[in-house]
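Here is the structure we will look at, set down as structure tokens.
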Amino acid sequence: MPKDIRAFTIEELTEEIIQLGFPKFRAKQIYSWVQEKCVSSFDEMTNIPLAMRNVLSEKFEFLDCKINTKLVSEIDGTVKYLFELFDGEYVESVVMKYKYGYSICVSSQVGCKMGCTFCASAIGGFVRNLSAGEMLSEVFTAQKDLGVKINHLVLMGTGEPLDNFDNVLRFIELLTDENGQNMSIRHISLSTCGIVPKIYELADRRLGITLSVSLHAPNNQIRSKSMPVNIKYNIEELLTACLYYENVTGRRISFEYAMIKGVNDSDAAAKELASRLKGTLCHVNLIPVNNVRERNYEKSTKERQSRFAVILEENGITATVRRTLGSDINASCGQLRASKRKTGD
């Protein structure tokens, strides 16, 4: 079976090229075509001999994702993609424009195992992991379609990145390679619902990634009802791991907190959360919960969101209410794929 050429580091590709009997310098040329110029076929490699391209096409393949659906927000220009993968499965990506440039939210799995009750990504369960090459294809395809350079990335789409640990780290390694896209590691954020052992492992890699933790509750009682992962790794264990990450990397933790009306948005919840996070180098990102047809949660009012943020600030915790982008196209990941699965169109 052909190998996904996008998933190879320059060192690995060099070994492969030498084993095929070709000159070593050809590996760097091929790698540049794949990772820097983002081609999707060997025919585009114009400085590679035809005979060699024919051999490469037999030994390697491009696991491209194709645009199935593209939605563009009339409000802020946010673009949402439903990508079809080589096996007929679907994932989503969202490209957002900010003052500092373009940022993409990338999926790391088809479906998700975590089962968070407020998240559309969990609907339908887990199917499989994405390869590093498939994740790169999300970025490359969006860049080509929009004609822009994406310089920030968030692993916050469909799936739990730390549940696909090895492929995600390889993806980051390739994306930040100076011989490829050369994206700054400081411009990459990884969102996790809290797989504690992998947070420790990620910290020990000392990559400099911004860690974004989906907390969404001030205590175990509330969190366990909406996030099954909390039953295995409770808040105390999670926050201890976050403190370790902070101490090892020197990076501030971002805590994501979905504001759910009548569930976790009270003054008491805000005060309890502030007490939990006291002494931690962190920022709390308050998020109006997504409206998902299959769930019955309601988002907190704007007044309640603002009040919650004020209480956190009064107690020494930096907090902001996230600006909603792409609200007219349901830009939150998981919703478009869930709709596709339901209709079968």
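The values are calculated or read from the model by the stated rules, or taken from the named source; none is laboratory data. Remember, it's a predicted structure, so these values are computed and weren't measured experimentally. Ideal geometry is used to build each Cβ from the backbone, glycine not excepted, and the neighbour counts take in all protein chains shown.
Observations on the structure shown:
- Test: residue in the range 44-66 that is under 23 Å from the mean Cα position of the chain (by Cα), surrounded by fewer than 16 Cβ atoms within 10 Å (Cβ to Cβ) and of a type outside the set (Gly, Ala, Ser): yes
- Residue within the range 150-173 that is outside any helix (DSSP H, G or I), within 30 Å of Gly124 (Cβ to Cβ) and among the charged types (D, E, K, R) present: yes
- Test result for Pro2, loosely packed, with under 14 Cβ neighbours inside 10 Å and under 25 Å from Asn129 (Cβ atoms): yes
Here is a yes/no grid of residues against (1) out of contact with any strand residue (DSSP E or B) (no Cβ under 9 Å at 6 or more places or on another chain); (2) buried (at least 16 other Cβ atoms within 10 Å of the Cβ):
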| residue | (1), (2) |
| --- | --- |
| Arg223 | yes, yes |
| Thr240 | yes, no |
| Ser275 | yes, no |
| Leu281 | no, no |
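- Elements of type helices (runs of 4 or more DSSP H) in the range 209-274, at least 3 residues being over 14 Å from Cys116 (Cα atoms) and in contact with a Lys or Arg (Cβ under 9 Å, 6 or more places away or on another chain): 235-249
- Any hit, the range 271-279, residues being assigned by TED's automatic domain parsing to the domain that holds Arg186, hydroxyl-bearing (Ser, Thr, Tyr) and under 24 Å from Lys225 (Cα atoms): yes
Matching residues to (1) surrounded by 21 or more Cβ atoms within 10 Å (Cβ to Cβ); (2) among the aromatic types (Phe, Trp, Tyr):
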residue: Tyr81; (1), (2): yes, yes
residue: Gly88; (1), (2): no, no
residue: Val95; (1), (2): yes, no
residue: Tyr98; (1), (2): no, yes
residue: Ile104; (1), (2): yes, no
residue: Lys113; (1), (2): no, no
residue: Met135; (1), (2): yes, no
